[in-house]
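What follows draws every value from the coordinates through simple rules; no lab data is involved. A quick note: this is a predicted structure, and the numbers were derived from the prediction, not measured. Heads up, the Cβs are rebuilt from the backbone with ideal geometry, glycines too, and the neighbour counts pull from every protein chain shown.
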Amino acid sequence: LGVESVQDELPSFQPADYRVKDPLNPPESLPQVSQGEFIKASRIYEGATRAVQLTGKAFDLTRERFVVEGKKAKTFSAGVQAATAFEKVKSDLTDYQIQLENNQQKNIELGTAKLRTTTAQSIAAQTEKELNEKLAQAQAGAELAQLQTQEKQTKLAEFKLQLTPQV
C-alpha cells in the first residue's frame, strides 16, 4: 500500500451531492436510502468492520508469535553458545589431564635417567677400584718378577764363580 494508491482505496464520495443551502428545505436530489436498506447496509459494514478487526487481531497474534519465535531462537542460540563453551572447557580439562599424565611420565623417565646415572657412576667407581687393584697386582707381579730375575742372576753369577778356577 503506497501513498499513490491511498486515493484508489477510498470509497467514492462526492461532497457536492450533499450540499444543502436551506436546512429547513432540503433538496430531493440528496442521496437517500430506505430504512431497510440502511439497516441492511449497516449490518454489512458492521460485519465487515468486525471481520477487519479480527484480521487485525490475527496480525497482532502473528506479530506476537514472531516475537516469541525470535525469543525462542535467541534462547536456543544462547543454549548452543553455552553448550559450546562447556565443550571447550571439557576440552581444556582433557588437555590439562593429558599434560598432567605427560608430566608424570617425564618425571618417571627423569627418575630412571637419574638412577642410570647413579648406577653408571657407582659402576665407574668400582671399575676404577678394580683397575687400580689390577694395576697394583701387576706392579707387585712385575716387582716380584724383577726380584726373581735379580735372584736368579745372582745365583747364576755365583754359579759361574764356582765354575771359574781361582787363581
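Which members of the stretch 25-74 meet the condition of being surrounded by 10 or more Cβ atoms within 10 Å (Cβ to Cβ) and in contact with an Asp or Glu (Cβ under 9 Å, 6 or more places away or on another chain)? If the condition is that a residue be surrounded by 10 or more Cβ atoms within 10 Å (Cβ to Cβ) and in contact with an Asp or Glu (Cβ under 9 Å, 6 or more places away or on another chain), then Leu30 is the only one that fits. Determine, yes or no, whether Thr164 is loosely packed, with under 10 Cβ neighbours inside 10 Å and among the β-branched types (Val, Ile, Thr). Yes. Filtering the stretch 6-24 for residues that are of a type in the set (A, V, I, L, M, F, W, C) and either in contact (Cβ under 8 Å) with a residue 40 or more places away in the chain or surrounded by 10 or more Cβ atoms within 10 Å (Cβ to Cβ) (or both) leaves a non-empty set.
Does Ala41 meet the test of being of a type in the set (A, V, I, L, M, F, W, C) and closer than 30 Å to Gln14 by Cα? Against the criterion (of a type in the set (A, V, I, L, M, F, W, C) and closer than 30 Å to Gln14 by Cα), Ala41 qualifies.
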